[in-house]
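Peer 1: Sharing a structure with you now.
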Amino acid sequence: MRLSEKRKTQLFLVQLMLPGVLLVGFFLVYPIAKSFVMSVTNWHLLRAADGHYFVGFYNFREFFGLTYLKKTFTVTALFELVSVVGTIGGGMLIALLLNKKFWGRTIIRGISMLPWAIPAFVVCQIFLLSFNGDYGMLSKFLTALFGMSSSSYLATEVPAFIVVSFIHIWKAFPFVSVMLLAALSTVPGDLYEAASIDGANKWRQFFSITLPSISPTVVTLVIMQAMASLRTFDIVYLLTEGGPNYATNVIGNDIYVNGFKLFKMGMASAEGVVLFVISMFFVIPYFMREGKEIS
Amino acid sequence: MKNRIVINSLQRLMILVFVLLLCALVLVPFIIMVSYSLRTNAELYDFGISLIPKNFSLKSYQDLWNNNTRLTQWMINTLYATGVSTLLVIITSAMMAYGIAKFRFHGRKGIWFVIAMTQSIPWVIALIPLYMTLSDLKLLDQLNTVMLVYTACFIPPSTWLMVGFFKKIPDELENAARIDGCSNWGVLLKIVLPVSVNALTAIGLTAFIGAWGDYITATTILKSKASWTLTIAIQYLQGPFYTEWTQIMALGTIISVPVIVLFLWFEKYLVNLMAGGIKE
């Protein structure tokens, strides 16, 4: 018996989707769904043998009653803001530079994207050593420059936050500058010629031609960077574990520390649910803007 | 006319200055690492700020090699988990993306939303429940588990990019092949994939870089030394009382150089694929 064309296509589609759906389903979707269940049970890694039972909103109450909760949210929001402004601003400057024609531009573009390739973990090791109060290279350099006392920069609240944000921006700006560079290349050149004949200076040209032409890309990148900085916690965990005095304790780091250092899996899951809801504020607009191309 | 030449050379000078600043910003951490890896412990603790080591020494690399008999094993582990997952990411996301881009079926929008969501929400949310599940199924501490986790993590972003790419391949090409009697798989393998090699290389590059540099997932799942990857091995050099910093910098250099070379080699494919969404 021969299969009809329609059945053949259906079978083909099942074959295409099955491996990906199974992998993403088991390793990503199922755990996320499970975190909702875990968030209302008394899951604790060291008490696994006793079984887990329903505790209602106990974990959420515990989380919202944390003494450092306000600081965690403030630090997370500030980290979001600094990261978005830093990556978009820095990425824009570099995209504008690379949009100029100069000798060796392709090589410079490749080099400028390198931070994206160097593992975050390795970068954190470099900065851990460089900012070591006693013998770190950058520590000594900054001390020589500003005359600050050479106690560890990562152990002081504001400098620690600056270092963590800097590394995140340093890792993330190449992506932004590539996307902006692509957008810049679509702006028609004759617009600038017309503008310079009318006597518009460079700043004027940037704000009335360049920025409006690439604004859809900028908006998308703002949403993407907001999501990216919400995802980042490895840099924080490796450099400061959220300290000193919770000054770098973004919510992602707090979840990891509560779950894997303090073994409070239940409360960590409740935090995860809160973070899930927060990220949906970015995921849904992103999907509405960027996901419509398939329909 | 003369004025114009002056402006031009001033502009050139400014571009040069900015390019140099950019290179410094990007390369300094890497240079610091290599510089630290080439000095002895004695020089590490002295009080100079010099970026260039006073006496070049490869001792840190030698010590790293001699003190860690498992170093080759960790390299093979890293290469295995990264390489296999990269291949799987390329195959599975190409298949999924082709289905989503070129066919209409029940549940397509649902899958598309799940792809958007799973590539965007913080990984740490899934990590804790996943750890519990893997622990229940006795799948912890196995390199293959880590390899599959990497695969699953990079399917959503890769599929997302590939859908945008496949959408641009004109249907006429595939329809002509179908009229000639080509099966669905035949169309995908003989017509579509050959024109997608660059895009597939690009998603492979992102998956490789991501998996190669991963620390959090590996350190959560892998416990016994035999199954470690290179990034976890750095942990081992950080003792409670003494940290082998020069060896850490040497291992960091060893970890970074392969991905830097790969990246510079294939970067243009990635730029083309990412820019593809904007070009129209």
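Peer 1: Going by average Cβ neighbours within 10 Å, how do the peptides A:213-224, A:255-266, B:123-134 rank, with the highest at the top?
Peer 2: Highest-to-lowest ranking by the protection proxy: B:123-134, A:255-266, A:213-224.
Peer 1: Moving on. Hey, got the average number of other protein chain Cβ atoms within 10 angstrom for residues in A:26-38?
Peer 2: 6
Peer 1: Modelled label-to-label distance, A:Phe26 and B:Ser50, 7 Å Cα→beta-carbon offset: nm?
Peer 2: 5.6
Peer 1: Contact order normalised by length for chain B, with contacts defined as Cα pairs under 8 Å and 6 or more residues apart; what percent is it?
Peer 2: Working: 246 pairs, mean separation 81.9, N = 280.
For chain B, the relative contact order is 29 percent.
Peer 1: Another question, then. Using the eigenvalues of the Cα gyration tensor, what equivalent ellipsoid semi-axes result for segment A:12-166 when each is taken as the square root of five times the eigenvalue, whole Å, largest first?
Peer 2: 40, 30, 16
Peer 1: Then there's this: Please compute P(r) over all alpha-carbon pairs of segment B:69-275, binned at 5 Å starting from zero, and give each bin as a whole-number percent.
Peer 2: For segment B:69-275, the pair-distance distribution reads 1, 7, 13, 16, 16, 15, 12, 9, 5, 4, 2, 1, 0, 0, 0.
Peer 1: Which one of B:Trp245, B:Trp212, B:Trp228 has the biggest mean-square fluctuation once chain B is modelled by GNM with Cα springs under 10 Å?
Peer 2: B:Trp245
Peer 1: Project the alpha carbons of the protein assembly as shown onto their principal axes and report the range along each, largest first, in whole Å.
Peer 2: Extents along the principal axes: 86, 81, 49 Å.
Peer 1: Please give, to one decimal in nm, the separation of the simple spin-label points placed at A:Arg61 and A:Ser196, each 7 Å out from Cα toward the Cβ.
Peer 2: 6.9
Peer 1: Follow-up question, since we're still on this one. Quick one: which of B:229-239, B:246-256 comes out on top by average Cβ neighbours within 10 Å, and what's the full order, highest first?
Peer 2: B:246-256, B:229-239
Peer 1: Moving on. Which value at 222 nm does chain A reach when only helices count, each DSSP H run of 4 or more adding -39,500 (n - 2.57), with the total divided by all residues and rounded to the nearest 500 deg cm²/dmol?
Peer 2: -21500 deg cm²/dmol
Peer 1: Please list the radius of gyration and Dmax for segment B:211-273, considering alpha-carbon atoms only, with Å as the unit.
Peer 2: That works out to 14.6, 48 Å for Rg and Dmax.
Peer 1: Looking only at other chains, what is the average number of their beta-carbon atoms within 10 angstrom of each beta-carbon in A:8-18?
Peer 2: 6
Peer 1: If you average 1/r over all unlike Cα pairs in segment A:87-152 and invert the result, what Kirkwood radius do you get in angstrom?
Peer 2: Averaging 1/r across every pair of different Cα atoms and inverting gives 14.4 Å.
Peer 1: Please give the charge dipole size of the protein assembly as shown, origin at the Cα centre, charges +1 on K and R Cβ atoms and -1 on D and E Cβ atoms. Round to the nearest 20 debye.
Peer 2: Magnitude of the dipole: close to 1000 debye.
Peer 1: Using a basic spin-label model with each label point 7 Å from the Cα along Cα→Cβ, how many nm lie between B:Gln142 and B:Gln62?
Peer 2: Distance between label points: 4.3 nm.
Peer 1: Now, a different point. In Å, what Kirkwood hydrodynamic radius results for segment B:4-156 from the alpha-carbon pair distances?
Peer 2: 21.3
Peer 1: Continuing with this model, one more query. DSSP H helices in chain A with Cα extent of 24 Å or more along the helix axis and mean Kyte-Doolittle hydropathy at least 0.0?
Peer 2: A:5-24, A:69-99, A:157-184, A:211-231, A:265-290
Peer 1: Volume per residue, Å³, of the convex hull around the alpha-carbon atoms of segment A:80-252? Provide the component values of the computation, followed by the final result.
Peer 2: Working: hull volume 24.0 nm³, N = 173.
Residue-normalised Cα hull volume stands at 139 Å³.
Peer 1: Another question, then. In Å, the Kirkwood hydrodynamic radius of chain A over pairs of distinct alpha carbons?
Peer 2: When all Cα pairs of chain A are included, the Kirkwood radius is 22.7 Å.
Peer 1: Rounded to the nearest 500, what is the 222 nm mean residue ellipticity of chain B from helices alone, with -39500 (n - 2.57) per DSSP H run of 4+ residues and division by all residues? Can you show the working numbers first?
Peer 2: Details: 12 runs with 200 residues, N = 280.
One gets -24000 deg cm²/dmol as the mean residue ellipticity at 222 nm.
Peer 1: Order of B:Cys153, B:Cys23 from fewest to most other C-beta atoms within 10 Å?
Peer 2: B:Cys23, B:Cys153
Bear in mind these aren't lab numbers, they're just calculated from the coordinates by the rules spelled out. Bear in mind the structure is a predicted one, so any value in this text is a computation, not a measurement. Glycine gets a Cβ as well: all are built from the backbone with ideal geometry, and neighbour counts include every protein chain shown.
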